[in-house]
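> Dropping a structure here in structure tokens format, bear with me for questions.
The values are calculated or read from the model by the stated rules, or taken from the named source; none is laboratory data. All values reported here derive from a predicted model rather than from experimental measurement. Don't worry about glycine lacking a Cβ; one is built from the backbone with ideal geometry, like all the others, and counts go over all protein chains shown. Side chains included, ligands, DNA and RNA excluded: accessible areas come from the protein's heavy atoms. Shrake-Rupley method; radii C 1.70, N 1.55, O 1.52, S 1.80 Å.
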Amino acid sequence: MQAINTTWVLVSAALVLFMTPGLALFYGGMVRSKNVLAVMMNNFVAMGVVSVLWALAACSLVFGHDLGHGLLGNLSLAGLGGLGHGLPGFGRSGASPLAIVTFQMMFAVITAALISGGTTDRIKFPAFVLFIACWLFLVYVPLAHWVFSPDGWLAHRGVLDFAGGTVVEINSGFSTLAIVLVLGRRRGWPSEGMAPHSVPLSLLGVGILWFGWFGFNAGSALGMNGVAVYAFINTALAAAAGLLGWLCFERVREDYPTTLGAASGAVAGMVAITPCAGFVTPMASLVIGVLAGVICAMAVRVKFRLRYDDSLDVLGVHGVGGLIGMVLLGLFATRSVNRAGANGLFTGGGFHLLSLEVMAAVVTVAFSFTVTWLIAKAIDLTVGLRVSPEDESRGLDLTQHAESAYSIGGMGRIGN
Amino acid sequence: MKLIVAIVKPFRLDAVKGRLKELDVHGMTVTEAQGFGRQHGHTEVYRGAEYQVDFVPKIRIELAVDDSRVEEIVDAVVDAARTGSIGDGKIWVQPLDSLIRIRTGERGPDAL
């Protein structure tokens, strides 16, 4: 059985890794053509930096033996050693410990990459690299220990979070809010139009994310079992319902259902189902997906009123979608899907789970925002976060990487 | 000699080209252009944010022709490019002082 479980976890790890280039395409399509490579590079460099730091130490601080009070792991697994005795707190019947921490490495990679959706068009490349290195250890690692390690204090209290509604989604959303408040708005935003340069690129990216998310959620069962199957179908249904929810909102509110709206709605649905995937029924997933699609479609409009420049709506989709998922898990969770779970308010469990989920969400918001703000401020005051106004106007592809995304020789074809 | 410049809707380009070929016009230069007249741009919406696109894509056609042929060519372009709705474009005709065929060095009407 361990061989089958390990196989599934390794396949899932590959699926989750593939989400990051998918995210790069999703983001790349939404920025202007002078900044495509820069935002894609922020995603790719996360695959480099976070993977290395994960193996050296971050993995151990998350999954190593607890140092006390469920706050942080020790360095017993540094360099991915010491795994022969299994992961502290995990049973021995599941997948190989090395497979589990490899799978978890991909989560850290994409969570760091997600933040680049807020900082596009104006962040210095070296500053971004330094930022994600610091942020991995000071924000991601503690949160992941609290929630993903069975010894973590939130997990220990009975907080349910199947695949990272707190650690990945709420965390990336509110970390992004914090860094963009330090970084400031893009020059010209919001008076100047900064329309996406290639929506087809974004649609391809969401297709890849959708594909990879099956590994993200169903893989979080950490084995080939019934819960994994629930997580799989729930992911598919929440994405579908989210897509339809966002489109209906647009059709009613603005007349046109947009392709970018369809893609964003699918992502919103999958974000919200992330904490719920292995704890709720397929019919609950439809409700969770459609609510996420509608509410996130409203949430991405708030930035124009409040004037914070979260360029590609990491807060509006991942932060808000994660909050929706955590709250709805407190309503819809049922032990009929997962005996290791709990019952929610609508399934006979009373307010107990709901209050735990809300508490975990609030803790995540406060911790992510505060610590990320401090990191961003420290980097801004020392090496500087932001490119010069001239470089911003020329575009980050040229000024940060000496490349252009599109070099079109000669003239395009005229007429047909 | 005259230079005829026509700004037309992109999807009428094939019709204009076909008509000019029928009239035995030997050459034309075409560029992609953008602008606005009475037809204004359009609005695009991305995640609820509206973007005003002010300029409309057009095709700019340039033809150097002999004085005697100006009327029939202008008529042909008007006929082929017209759809009857706003945004059909404009044609203007201006004098052409000199014309040189680079390959042979011919000058004036011989170079047409």
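> Could you count how many residues in the range A:270-289 are buried (at least 24 other Cβ atoms within 10 Å of the Cβ) and part of a helix (DSSP H, G or I)?
Residues flagged as buried (at least 24 other Cβ atoms within 10 Å of the Cβ) and part of a helix (DSSP H, G or I) within the range A:270-289 amount to 8.
> Name the residue that is farthest from residue A:309 (Cα to Cα), counting only residues in the range A:191-213 that are in a loop (DSSP other than H, G, I, E, B) and among the small types (Gly, Ala, Ser).
Top of the filtered list is A:198.
> While we're looking at this one, here's another question. In the range B:1-34, which residues are more than 9 Å from the chain's Cα centre (by Cα) and in a strand (DSSP E or B)?
B:2, B:3, B:32, B:33, B:34
> Please pick out the residue among A:22, A:48, A:29 that is open to solvent by less than 50 Å² (accessible area, probe 1.4 Å) and without any contact (Cβ under 8 Å) to a residue 40 or more places away in the chain.
Every option except A:48 fails the conditions.
> Residues that are surrounded by fewer than 20 Cβ atoms within 10 Å (Cβ to Cβ) and without any contact (Cβ under 8 Å) to a residue 12 or more places away in the chain: does the range A:227-236 have at least one?
Among the residues of the range A:227-236, at least one is surrounded by fewer than 20 Cβ atoms within 10 Å (Cβ to Cβ) and without any contact (Cβ under 8 Å) to a residue 12 or more places away in the chain, which makes the answer yes.
> A follow-up question, please. In a helix (DSSP H, G or I), closer than 17 Å to residue A:118 by Cα and within 14 Å of chain B (Cβ to nearest Cβ): which single residue out of A:168, A:267 fits that description?
Within the list A:168, A:267, the selection yields A:267.
> Can you say whether residue A:149 is under 27 Å from residue A:269 (Cα atoms), touching a strand residue (DSSP E or B) at 6+ places or on another chain (Cβ under 7 Å) and touching a residue at least 12 places away in the same chain (Cβ under 8 Å), as far as the supplied structure shows?
yes
> I've got another one for you. Considering only residues of the range B:84-112 that are in a strand (DSSP E or B) and β-branched (Val, Ile, Thr), which is most open to solvent (accessible area, probe 1.4 Å)?
The extreme case among them is B:100.
> Quick one: is residue A:199 within 14 Å of chain B (Cβ to nearest Cβ), of a type in the set (A, V, I, L, M) and in contact with a Leu (Cβ under 6 Å, 6 or more places away or on another chain)?
yes
> Just one of B:12, B:60, B:47 is surrounded by 15 or more Cβ atoms within 10 Å (Cβ to Cβ), within 14 Å of chain A (Cβ to nearest Cβ), closer than 30 Å to residue A:302 by Cα and charged (D, E, K, R); which is it?
Only one candidate qualifies: B:47.
So that you can scan it fast, the table gives a plain yes or no per residue for (1) more than 20 Å from residue A:369 (Cβ to Cβ); (2) modelled with pLDDT of 95 or more:
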site	(1), (2)
A:71	no, yes
A:75	yes, yes
A:88	yes, no
A:91	yes, no
A:106	yes, yes
A:109	yes, yes
A:129	yes, yes
A:138	no, yes
A:141	no, yes
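> So, in the range A:184-206, of the ones that are of a type in the set (A, V, I, L, M) and in contact with a helix residue (DSSP H, G or I) (Cβ under 7 Å, 6 or more places away or on another chain), which residue ends up surrounded by the most Cβ atoms within 10 Å (Cβ to Cβ)?
A:206
> So how many residues does the range A:129-165 have that are assigned to a loop (DSSP other than H, G, I, E, B), open to solvent by less than 10 Å² (accessible area, probe 1.4 Å) and at negative phi?
Number satisfying all stated conditions: 3.
> With respect to residue A:387, is the statement that it is under 15 Å from residue A:154 (Cα atoms) and surrounded by 15 or more Cβ atoms within 10 Å (Cβ to Cβ) true?
no
> Please tell me if residue B:65 is more than 12 Å from chain A (Cβ to nearest Cβ), buried (at least 16 other Cβ atoms within 10 Å of the Cβ), closer than 15 Å to residue B:10 by Cβ and β-branched (Val, Ile, Thr).
No: the conditions fail for residue B:65.
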